[in-house]
1. Residue A:18 versus residue B:375, label points 7 Å from Cα toward the beta carbon: distance in nm?
2. Using r as the Cβ-Cβ distance of residue A:26 and residue B:290, and R0 as 60 Å, what FRET efficiency do you calculate, to the nearest 0.05?
3. Taking the Cα centre of chain B as the origin and placing charges on Cβ (Lys, Arg +1; Asp, Glu -1), which of B:307, B:164, B:94 is farthest toward the positive end of the dipole?
4. With only alpha-carbon atoms counted, please give the Rg and Dmax of the range B:39-163, in Å.
5. Pulled fully out, how much extra length does the chain show between residue B:241 and residue B:383, if you take 0.36 nm times their separation in residues and subtract their Cα-Cα distance?
6. Computed FRET efficiency, Cβ-Cβ of residue B:99 and residue B:66, R0 25 Å: what is it to the nearest 0.05?
7. Test of understanding: in a Gaussian network model of chain B with alpha carbons linked when under 10 Å, which of B:99, B:186, B:361 would top the mean-square fluctuation ranking?
8. Using a 1.4 Å probe and counting only protein heavy atoms, how much accessible surface gets buried when B and A come together, both sides summed, in Å² to the nearest 100?
Amino acid sequence: MGKTGKAEAFMNKGIYISGIGHIGLIVWVLVGGLFSSDRTEPLDVAEVSIISGEEFAALTAPASAPRATQDTQEPTPPASEQPVTPTPTPDTTPETPARPDVSQPEQPDAAPDVSEIEPLPQAEVTDEAPTPPAPPTEDNGTTLLTQSTRPRPAPRVAPVPAAQPTPDAEVSDTVTEATVPTPEPEPEVVKPPVETATAPEEATTEIVTEAEEKPDAETSLTSSMRPRSRPARPTKPAPSTQKAAKPADVQSSVNDALAEALGGGATETSGNGSAPVGPPMTSGEKDALRIGVQRCWVVDAGSEAGRITVTVAMSLTEDGKVAGNSIKMIANSGGSDQAVNSAFQSARRAILRCQQNGYDLPKEKYAQWRDVEMTFNPEKMRIK
Amino acid sequence: MMLRVLTLLAALMGFAAVPAIAQNGPLRIEIDEGVIEPMPFAVPDFVAENAAAAEMARNISRVVAADLVNTGLFREIPKEAFIASVTNFDSPVQYADWKAINAQALVTGAVSVGSDGRLNVKFRLLDVFADAPLGDGLQFGGTTSSWRRVAHKVADQVYSRITGEGGYFDSRVVYVAETGPKNDRKKRLAIMDYDGANTQYLTDSTSIVLAPRFSPNGDRVLYTSYETGFPRIYLLDVATVGRRAVDDQSGTMTFSPRFGPDGSTVLYSASQGGNTDLFSMNLGGGQRARLTSSPSIETAPSYSPDGSRIVFESDRSGTQQLYIMSAGGGEPQRISFGSGRYSTPVWSPRGDYIAFTKQNKGRFHIGVMRTDGSEERLLTASFLDEGPTWSPNGRVIMFSRETAGAGGTSALYSVDISGRNLRKISVDGAASDPAWSPLLP
């Protein structure tokens, strides 16, 4: 950095010759410094390498423990301590590659993955977030189509089947030239003012939290995800209150109606007000619900119903029980009416039968699990 | 370049907005592992609405429970565990009492016998954990002598409402009843309820009979008899036990018959001059139509449920394998490619599977495969399993199993299409060659 700063200063003055001379001198000094440092450093380098190796071991286990075991290895022959020492060393080696992998490739990897995979979620998201301006709502419909048609034909249609994709690809070729310019400015105009500030930050924190969510603490999640998404809500009403009300109605009107009818939440908007939100649900808490239900889900693998995937929606009361008669089928993978109904009954029976005195869910996060959508997929249970 | 930047930007924004949805949207859980276990149910004795019906009410509820247990999909909760009783068919059910003993389904009923001997059975199926009935209450009428059929019909309704499939309890099975040692075995045709009750004999044991097959509505039976000294196909009316020969040509051996889905066509093998091929014939009186003309042996034909295709066995490749061709004939397509020999293919009434007998490495198996030959699964294995026949709903396969040795005998077994729930059918004496009827009207 110092070199470049000086070089720029000389360039501005225009004295090239003297600049070249100075650079030559600096290079010479540096070369000389390297030689001199090499002479002195060998001892330091050797020490640093040893320390770093121990530090890695110390990071995983208590710092003193691995060192002590290494020391004890040599003098104490007992077999009990020998197995102990190998375990920390392998632990350290896998961890060191893991961390650089996460930190370095994340940024380049994340961008292409997202662009390929998430065109559809984008469309859904844009509907909710950018709603404020009136014209964009109509345009969003067009953007949905154009965006969805664009990404789909290129990566997905080619590998999978032949019949449907080809017409889509042909249509998109003709339409794209005309429609593409229209959707592109819209995200620029609508989205950046509201979300550009949050987007990059959350994107980075998300990647980190998803990777570390399972093994590590929840602190990273709480600090990143919760606060960002909440302030995004209050900012919406500021531009236009009418449209802030709309998304709330669209998103959770059904759920709120169910909850209110059942005397559950009594929250008008999105549930931030009265129902406790708390930190995000951990995978362990979700697993507790999943396991709680699946041990009661009886699959008749030989029947047509045993090949149908159904998704049910329900509302839970604060003590973890199904609210009233709130279990509804919202999707199924198709089949005869009888078989679909049987698959739904089986799912409903599982939920009701295993709830006992309420599913074990954290009360402080009630807003997150008040409404549940549960998909029952018997694919793994099929007889083969 | 601009587009790429925009795409990246949009992607980042989309990524950033995901948690906002996750926060306010419903919690999404995917359940992809369940349990395979019988569903516990309770059938308290049906309420006898008059004194004459007391014993019948108890018997009917026992048959309903036995039908459900036979499927392997249900487990009956014994009466001793009940903490509530049903004394009035119309009084409301205390669901909590049945939840407490983990009864997921509850069948209540009432039986009355009129002075004219008419039997009337009402029932309700209750989904205990939903606190609600599953379907409407129904009632069946009949004569007191047909009480078992009435009970089977109740069980069929219960089974159908819970599983979403058709029932199969109110059905019959025609089979070959066997007596005597292996070297001098007497065989005659017999018919029974699917569960082995109400056995009746259709022929005497003066001649060997083989491979009976029901017509699509269960009123007639095709079978092969050796009464003239060589095999010949006969058509028998179940109600009158009257019979006549089919395709009565001298010098021709006919065997392995099976009805077409319309009930008027018969598909069979005929052997002439040492070569066996497939033929079809209209039972109303018509000429036989040749379907194959190959020097190899083609036999055991079976129609697809829609009557458009035929599956059969042939040794044209050197060993017995399964082939499918159009109902009118044409070039057959081989569908069995596993090791061993395949025989007696039968198309499922659901149309989704073909059941077969497989002989491999000295063992016999009953198996199923998709109609294109994929997903082959062997459901049984023994010294000798053969002759699969489908239940009316395509869910269960019945077959005959013979034990080894000179004293070996043959018996009927059933197995669920999943390979579970292998059961021996309780039949008087030895039995083989079962054929399942359709669901009775």
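1. It works out to 8.7 nm between the two label points.
2. Numbers: r = 102 Å, r/R0 = 1.70.
Efficiency, rounded to the nearest 0.05: 0.05.
3. B:307
4. When restricted to Cα atoms, the range B:39-163 yields Rg and Dmax of 13.5, 42 Å.
5. Values: separation 142, 0.36 × 142 = 51.12 nm, distance 3.46 nm.
Difference between extended and current length: 47.7 nm.
6. Working: r = 24 Å, r/R0 = 0.98.
It comes to 0.55.
7. Ranking B:99, B:186, B:361 by mean-square fluctuation puts B:361 first.
8. Values: alone 20730 and 24600 Å², together 39670 Å².
The contact between A and B buries close to 5700 Å².
The values are calculated or read from the model by the stated rules, or taken from the named source; none is laboratory data. Since we're looking at a predicted model, the values are computed, not measured. A quick note on method: Cβ atoms are made from the backbone with ideal geometry, for glycine too, and the neighbour counts reach across all protein chains shown. The protein model used for the area step is the full one, side chains on, heavy atoms only, and it has no ligands, DNA or RNA in it. Shrake-Rupley method; radii C 1.70, N 1.55, O 1.52, S 1.80 Å.
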